[in-house]
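The values are calculated or read from the model by the stated rules, or taken from the named source; none is laboratory data. Only a predicted model underlies this, so the values are computations on that prediction, with no experimental measurement involved. When we count neighbours, we look across all protein chains shown, and the Cβ atoms used for this are built from the backbone with ideal geometry, even at glycine.
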Amino acid sequence: MTKSRNLEGVWLVWLLCAVIQSLFAASAAQYLHAGARDGLQIFGSFYGSGSAVLHGLNPYAVYPLTHINPSCNGFGKVVDLNLNPPPVLPLFARLARFRPTTAAQIWTFVSLAFFLGGSALLVAEYRDRIQHRQVIWLLCTMSVTYNLRFGQVYSLLFVLGVASWIFLERKRALAAGICLGLLIAFKPNFAVWPCFLFLRGDRWIALTAAAVASGLATLAAILYTPHVYSQWLVAVAGDPHWMASGETSLTGLATRLGHPLAGRAASALLLLGSGWFIATKRPSLREASGIAVTAGILASPLAWIDYTLVSSGLLVQERWGWFLSLVLLPMVIPRFMEITNLGTVVVVCLAIHFFQCALKERRTVMTANAAAGASESPVTPTAQLQTPQES
């Protein structure tokens with residue numbers, strides 16, 4: 001009876017959060033108007049890119065609907081060019097076939113559907129242990145709210161991250177590889193995830209992801225000519241968003257402190273060290289994935305706290321103690337991350353958490369092997385500590 005009441009309470013919290021975000025999305029959809037003072041916000045940059053490729057123009061240039069941030073962390077105006085890689089352009093081109101305001105409203109409600117569907121899937125998957133605070137975090141962080149408010153594309157990353165993790169946990173290698181391939185094609189920052197899975201021994205998943213991502217990248221080159229990649233790289237190389245307070249990469253942080261080379265060196269060391277750890281220690285699927293996602297965010301040339309949405313499935317699989325609650329729940333507070341500049345700290349804390357869990361697993365296995373003595377079947381991390389779905 002108590003378990004049933006807890007389950008009903010979890011779904012009630014989800015429903016309340018879903019209603020709140022649905023009302024907010026309806027309001028945001030009305031606000032995102034081509035004739036409004038702030039125009040279509042970030043979505044205007046995406047719409048401009050989509051319209052450009054329909055007319056054979058550079059999708060990474062400035063157009064009338066491109067959003068301009070009047071003051072980026074006190075550094076003056078910054079043009080918010082579309083920096084999404086070419087495989088995302090077909091989505092923007094499809095939306096650009098509608099009128100700008102209509103397209104913005106369509107994308108707002110598609111994003112809402114992604115957030116509601118992905119979060120409902122996680123609540124159903126972990127219904128026996130998910131906490132109310134985790135449900136609130138899934139739907140009410142500022143990453144979700146800002147996505148709906150400004151027309152961002154993080155909802156797509158969220159739903160692909162959720163699907164990737166659930167398929168991984170269920171040992172559906174092909175489906176997991178396809179979802180991971182879509183994820184890294186749309187946001188190459190997360191290519192670290194299948195790479196680390198390869199180092200862990202999940203080679204079929206990693207190769208499937210690589211094949212899917214390569215196929216989408218090739219398709220974009222066929223549709224828009226290979227030159228589109230040089231246009232994208234030029235836009236990324238000249239982007240000044242490292243100065244923004246919400247930027248979370250090590251390179252961005254070091255650049256804001258005046259030491260960009262130190263940030264690049266730290267990023268390289270993080271990737272090398274994390275890869276060595278995965279290859280030699282072989283942590284469980286969850287810990288390896290968590291290390292991969294957080295390392296990918298920190299080592300990116302440009303990243304945002306919103307990228308943590310990709311790790312949603314990993315984070316709600318276990319109940320939160322005081323540490324994760326303290327790290328993650330402030331993301332629900334409006335403008336907290338922008339004012340405090342703690343985005344990088346949050347991702348570092350998540351990385352530390354996943355490393356600690358992996359080391360704890362390792363110690364448990366070593367203790368079990370020591371107790372077994374000369375047993376013919378010593379315990380290994382992947383055999384001892386797999387999730388119920390992997391057994």
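Things to note:
- Looking only at the range 58-84, and only at residues there that are in contact with a helix residue (DSSP H, G or I) (Cβ under 7 Å, 6 or more places away or on another chain), at pLDDT below 90 and not in a strand (DSSP E or B), the one that is surrounded by the fewest Cβ atoms within 10 Å (Cβ to Cβ): Phe75
- Residue in the range 344-357 that is loosely packed, with under 15 Cβ neighbours inside 10 Å, more than 27 Å from the chain's Cα centre (by Cα) and either in contact (Cβ under 8 Å) with a residue 40 or more places away in the chain or not in a loop (DSSP other than H, G, I, E, B) (or both) present: no
- Matching residues, the range 159-204, being among the aliphatic types (A, V, I, L, M) and within 28 Å of Thr251 (Cβ to Cβ): Val159, Leu160, Val162, Leu180, Leu182, Leu183, Ile184, Ala185, Ala191, Val192, Leu197, Leu199
- Checked against (1) under 30 Å from Ser284 (Cβ atoms); (2) buried (at least 18 other Cβ atoms within 10 Å of the Cβ), Leu112 passes all but condition (1).
- Filter result for Leu302 (surrounded by 15 or more Cβ atoms within 10 Å (Cβ to Cβ) and in contact with a strand residue (DSSP E or B) (Cβ under 8 Å, 6 or more places away or on another chain)): yes
- For the range 13-72, a residue qualifies if it is touching a residue at least 40 places away in the same chain (Cβ under 8 Å), over 30 Å from Ile136 (Cα atoms) and aromatic (Phe, Trp, Tyr), and the qualifying residues are Tyr47, Tyr60.
- In the range 192-206, the count of residues that are of a type outside the set (Lys, Arg), closer than 17 Å to Pro86 by Cβ and in contact (Cβ under 8 Å) with a residue 12 or more places away in the chain is zero.
- Of the listed requirements (1) over 30 Å from His33 (Cβ atoms); (2) in contact with a Pro (Cβ under 8 Å, 6 or more places away or on another chain), Trp193 misses just one: (2).
- The listed residues are Ala124, Ala104, Ala113, and the only one of them that is touching a His at 6+ places or on another chain (Cβ under 9 Å), of a type in the set (Gly, Ala, Ser) and in a helix (DSSP H, G or I) turns out to be Ala104.
- Residue list for the range 26-48, filter: in a loop (DSSP other than H, G, I, E, B) and not polar (S, T, N, Q): Leu32, His33, Ala34, Gly35, Ala36, Arg37, Asp38, Gly39, Leu40
- Residue identified as aliphatic (A, V, I, L, M), in contact with an Asp or Glu (Cβ under 7 Å, 6 or more places away or on another chain) and either farther than 30 Å from Ile333 by Cα or surrounded by fewer than 24 Cβ atoms within 10 Å (Cβ to Cβ) (or both) among Leu233, Leu253, Leu257, Leu285: Leu285
- In the set Trp304, Trp320, only one residue is touching a residue at least 40 places away in the same chain (Cβ under 8 Å) and under 15 Å from the mean Cα position of the chain (by Cα); that residue is Trp304.
- Total residues in the range 175-193 satisfying the condition of being closer than 17 Å to Glu287 by Cα and within 14 Å of the chain's Cα centre (by Cα): the figure is 5.
- The condition (being more than 16 Å from the chain's Cα centre (by Cα) and without any contact (Cβ under 8 Å) to a residue 40 or more places away in the chain) is satisfied by just one residue among Leu253, Leu270: Leu270.
- Unique residue being β-branched (Val, Ile, Thr) and under 24 Å from Ala351 (Cα atoms) when the list is Val236, Val192, Val228, Val212: Val192
- Residue list for the range 23-38, filter: under 26 Å from the mean Cα position of the chain (by Cα) and surrounded by 14 or more Cβ atoms within 10 Å (Cβ to Cβ): Phe24, Ala25, Ala26, Ala28, Ala29, Tyr31, Leu32
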